[in-house]
Amino acid sequence: MDLRQTFLDYFAAKGHTINPSVHLVPDDPSLLFVNAGMVAFKPVFTGEIPTPTPPRATSSQLCLRAGGKHNDLDNVGYTARHHTLFEMLGNFSFGDYFKTEAIDFAWEFVTEVVGLDKSRLWISVHDSDDEAFELWLKHVPAERIKRMGDKDNFWQMGDTGPCGPCSEIHFDQGADHFNSAEDYFGGDGDRFLEIWNLVFMQYNRTEDGTLHPLPKPSIDTGMGLERITAIKEGKFSNYDTSIFMPIIESVAQMTGKPYVYDQGASYRVIADHSRAVTFLVSQGVTFDKEGRGYVLRRILRRAVRHGYMLGLREPFMYKLAQVVADINKASYPYLQDKMAFIQEQIKLEEERFFATIENGMKLFEEALADTKEIFDGAVAFKLYDTFGFPLDLTQDMLREKGIGLDEAGFNAQMQEQRERAKAAWKGSGDAAKDGDFKAALEQFGENSFVGYDRAEERTKILALFDENMRMTDALAAGSTGWVMLENTPFYATSGGQKGDTGELEGFASVLQTEKFFGLNLSEISLTKALSTGTDVLAKVAQDRKEIARHHSATHLLHAALGKVLGESAQQAGSYVDANRLRFDFSYPKAVSSEQLAEIETWVNRQIATQTHAATKVMTLEEAQASGAKALFGEKYGETVRVVTIGSDSVEFCGGTHVDNPGEIGSFIITKESGVSAGVRRIEAVCSQSAYRYTKALQGEIDDAKEALKSPHLAQGIAKLQEQVKALKAELKAAQASAATEIKAEAIGGVNVIVEEVKGGDIQKMIDDAKAKYEKLAILLMQENGGKVRISTGSQGCSIHAGNWLKEVAEKIGGKGGGRPDFASGGGTNPEGMGEAKVAALAYLKANLA
């Protein structure tokens, strides 16, 4: 039985118009995807469009719940009935028929048309819906009808608007298979399976929560096609039905491993996600970094990860798209019509992820081995940024292990990336861009970096790319683009080291060098036209030497941190260019000034006393046996470069370095700060940058000496401090002598002072007055440089100083406030001081009790 078509035909015979499934992307900015059958009719229910003729409809609507408020992604594959993509069979009445017909239609369809056993059908109604209860008694005995509360049996579109009670039809799957303590009607067990929800929209909820009866109540029902299919086919899981099993069987064939339900969650995830991906792509959703496209990417990459767990090492999801199309060819023939496009898009996205998933999984497993309860947010970010693992995919993997995630750490790394305003794949060096990289790799393979021992290379241009990273045979003078050299001396940004600049002599300036999926490409600005196949002389800029010096200094800093802070201070990231270095490391608190001085001294001692620096290529096993430090989470091939500087620094590193530590010159720490919880950062300079930094400091010192008129800075500052101290004392004495004598007058037994004062400290004057008078209300104003300072005080009376000041301050163009006993503020209108005095006295007369 084709349940989808049978359902539509049944309701068509009852006078309903059959509406095709609308696109998954709704014309509704409040929704990410269509998530229920009624979404297509929302404008009708809310009155935005006229009621159609006839005022009843039916549909089998594709729905997606994988983001936003309605998100079933975490449960998919692990329960018998959760899905990202599903179909909702529904019938709708727009002010036409109501409860009687809706209940009769539903009962007739499930019992007479589908043929379900009436004795196994149970009904729930809202505990206030006596009408529905009575109507169901025509079909079901009272003992199989249960009243439930708002949580289970009341539906609303939002906080306000159409809403009403609902009634659900449940199917008893049998005590033989479901007999836990929760397998009772209304419990959390799976014995009683909800198959159809009938919503009786009879109220409109206003903002105050009041329910007002609608003049024309409506009907909105929804029945999951996957669930009713499982019941009809005698299956306890939706995944065992004809909707999913052909996909699962295809996965089993691909993996060469039989599908066993209890161990088959990965098969089910793939089966579910292949449907969602196929339909989304067919409807024009593209893989992207945000919005709906990012949801699509997350779904596909989650499926690929499960395929990887089953042993699949190359794209496979695009093949399953054909299986999805075959299953749905009768109802959704457009899937086959668009199959070439669907498969192309899916395969390209799979290739992107398969290019990084192996190393991403390796990083994940290594980090997991060192995790007790909370997974490092920085590692999760590297999985996201370098290996393309969406955050919720990492969370999914951690959930399987019962491990939490440091989301704050992840978010801190994400924010830093946004501030850099570009995606930088620091671990692998691969830049996050789209382009014709696959074509270049297929045609040429990866090009070779030859810049470790030379800064110039006569080489051939293998490929050129325009600004959009599309391959081209030539680039014109005055344009910018990217070049792939057969052998390149330009180091690509990787491992924290900034990529090289330089020139293609006579043709172009090299602006930067990056890695794209293993391709070492340089961005160029052309002064002369250039075409593929041309021989060029590639020259690295002199900056390379300064970069190498800062990189080697970073290695010494790493070693110094271990000496001073302990081996727990492990590298968490770095950045090196020609002018500075930055090193992030794990440490629970700020590094003290004494520790920083010790670190800086140790590094400079190494620079001054060590003469040995060498790089050796060895197998990964040899390098590990040598005790060389490996960067946590970095990916390494069968052979690695090990950099040794002096006797205390031995690390895996693919960057460029000095031949002798003495080349580094001097090393100066310029800043220490926090990056995120448990991660600190040291910034430093060396070589020529250290010289410039020192000269700048010396210049500032000389300027300070000149300003102080003293050859000795410390003595000059001490002398200035003494002068300031003396002047303050003189000022205080002058203010005291110039203080206006203030007198109080009595109002209602309270001493009242409202005065303008020319000099003195008005706060001290108020304190002195409080010491003199037991009951006091005082307001003083003082002009200085076109501005007015105003303060009030209150003691032993009913006046609130803060309120009094607020009342008066507006007269002088100001504001202020404070405590009941003292308040202060200011204004910008000295001319209003007279009016302020009048207002102050009027306030006192009105408020003194």
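The values are calculated or read from the model by the stated rules, or taken from the named source; none is laboratory data. Given the structure is predicted, the values throughout are model-derived calculations rather than measurements. Reconstructed Cβ throughout: ideal geometry from the backbone, glycine too, with neighbour counts over all protein chains shown. The area values use the complete protein model at the heavy-atom level, side chains included, leaving out ligands, DNA and RNA. Shrake-Rupley method; radii C 1.70, N 1.55, O 1.52, S 1.80 Å.
Is there a residue being touching an Asp or Glu at 6+ places or on another chain (Cβ under 9 Å), among the small types (Gly, Ala, Ser) and under 15 Å from LEU89 (Cα atoms) anywhere in the range 221-239? Yes, the range 221-239 contains a residue that is touching an Asp or Glu at 6+ places or on another chain (Cβ under 9 Å), among the small types (Gly, Ala, Ser) and under 15 Å from LEU89 (Cα atoms).
For the range 721-728, the criterion of being surrounded by 14 or more Cβ atoms within 10 Å (Cβ to Cβ) and at pLDDT 90 or above is satisfied by no residue at all. When LYS775, LYS764, LYS770, LYS758 are checked against the criterion of being over 18 Å from ALA809 (Cβ atoms), of a type in the set (D, E, K, R) and either open to solvent by less than 40 Å² (accessible area, probe 1.4 Å) or in contact with a His (Cβ under 6 Å, 6 or more places away or on another chain) (or both), a single residue qualifies: LYS770. Count of the range 312-331 residues, restricted to those that are outside any helix (DSSP H, G or I) and in contact (Cβ under 8 Å) with a residue 40 or more places away in the chain, is 6. Per the listing ALA823, ALA746, ALA734, the residue uniquely at negative phi and open to solvent by 60 Å² or more (accessible area, probe 1.4 Å) is ALA746. Once the range 433-454 is narrowed to residues that are open to solvent by less than 50 Å² (accessible area, probe 1.4 Å) and of a type in the set (A, V, I, L, M), the residue that is nearest to LEU521 (Cα to Cα) is ALA440. Pairs are defined by a Cβ separation below 7 Å, a sequence spacing of at least 6 or placement on different chains, a first member in the range 717-732 that is under 29 Å from ASP702 (Cβ atoms), and a second member that is surrounded by 10 or more Cβ atoms within 10 Å (Cβ to Cβ); the pairs so defined are ILE717/LEU708; LYS719/SER710; LEU720/LEU708. For ILE219, state whether it is part of a strand (DSSP E or B), farther than 30 Å from ILE327 by Cα and not acidic (Asp, Glu). Criteria met by ILE219.
Only residues that are more than 24 Å from ILE790 (Cα to Cα) and in contact with a helix residue (DSSP H, G or I) (Cβ under 7 Å, 6 or more places away or on another chain) were counted across the range 718-762, and they come to 1. Annotation: of all residues in the range 532-544 being open to solvent by 40 Å² or more (accessible area, probe 1.4 Å), in contact (Cβ under 8 Å) with a residue 60 or more places away in the chain and not hydroxyl-bearing (Ser, Thr, Tyr), the one that is farthest from ALA578 (Cα to Cα) is GLY533.
Out of THR828, THR792, one residue alone is of a type in the set (Ser, Thr, Tyr) and over 19 Å from LYS743 (Cα atoms). It is THR828. Scanning the range 306-322 for residues that are crowded, with 19+ Cβ neighbours inside 10 Å and of a type in the set (Gly, Ala, Ser), we see that the one that is nearest to the chain's Cα centre (by Cα) is GLY307. The residues in the range 474-531 that are open to solvent by 30 Å² or more (accessible area, probe 1.4 Å), hydrophobic (A, V, I, L, M, F, W, C) and under 29 Å from the mean Cα position of the chain (by Cα) can be counted, and the count is 1.
Against the criterion of being of a type in the set (Gly, Ala, Ser), open to solvent by 40 Å² or more (accessible area, probe 1.4 Å) and at pLDDT 95 or above, ALA572 does not qualify.
Selection of first residues in the range 508-529 that are closer than 29 Å to GLU350 by Cβ and of a type in the set (Phe, Trp, Tyr) and of second residues that are at pLDDT below 95 and assigned to a strand (DSSP E or B), restricted to Cβ pairs under 9 Å at least 6 apart or on distinct chains, gives the following pairs, ordered by first then second residue: PHE516/ASP430; PHE517/ASP430. Within the range 2-33, being open to solvent by less than 30 Å² (accessible area, probe 1.4 Å) and either assigned to a strand (DSSP E or B) or modelled with pLDDT of 95 or more (or both) holds for LEU3, PHE7, LEU8, TYR10, PHE11, HIS16.
Looking across ARG298, ARG302, one residue alone is touching a Pro at 6+ places or on another chain (Cβ under 7 Å) and either within 19 Å of ASP74 (Cα to Cα) or open to solvent by 30 Å² or more (accessible area, probe 1.4 Å) (or both). It is ARG298.
May I ask you to verify whether SER237 is open to solvent by less than 50 Å² (accessible area, probe 1.4 Å) and under 38 Å from the mean Cα position of the chain (by Cα)? Yes; evaluated as a whole, the condition is true for this residue. Here ALA677 passes the criteria (1) under 28 Å from LYS589 (Cα atoms); (2) at pLDDT below 90; (3) open to solvent by less than 30 Å² (accessible area, probe 1.4 Å) except the one numbered (3).
Answer yes or no as to whether GLY802 is crowded, with 17+ Cβ neighbours inside 10 Å and either within 55 Å of the chain's Cα centre (by Cα) or touching a residue at least 40 places away in the same chain (Cβ under 8 Å) (or both). Against the criterion (crowded, with 17+ Cβ neighbours inside 10 Å and either within 55 Å of the chain's Cα centre (by Cα) or touching a residue at least 40 places away in the same chain (Cβ under 8 Å) (or both)), GLY802 qualifies. At least 3 residues being not acidic (Asp, Glu) is the threshold, and among the strands (runs of 3 or more DSSP E) wholly inside the range 479-589 those reaching it are 480-485, 508-516, 519-526, 535-540, 571-576, 581-586. May I ask you to verify whether GLU249 is free of Cβ contacts under 8 Å to residues at least 24 places away in the same chain and either within 23 Å of ALA325 (Cα to Cα) or in contact with a Gly (Cβ under 9 Å, 6 or more places away or on another chain) (or both)? In short, yes. Considering PHE341, PHE353, the condition of being under 26 Å from LEU405 (Cα atoms) and not aliphatic (A, V, I, L, M) is satisfied by PHE353 alone. Looking at the structure I just gave you, is LEU697 farther than 26 Å from LYS775 by Cα, open to solvent by 100 Å² or more (accessible area, probe 1.4 Å) and part of a helix (DSSP H, G or I)? No, not satisfied.
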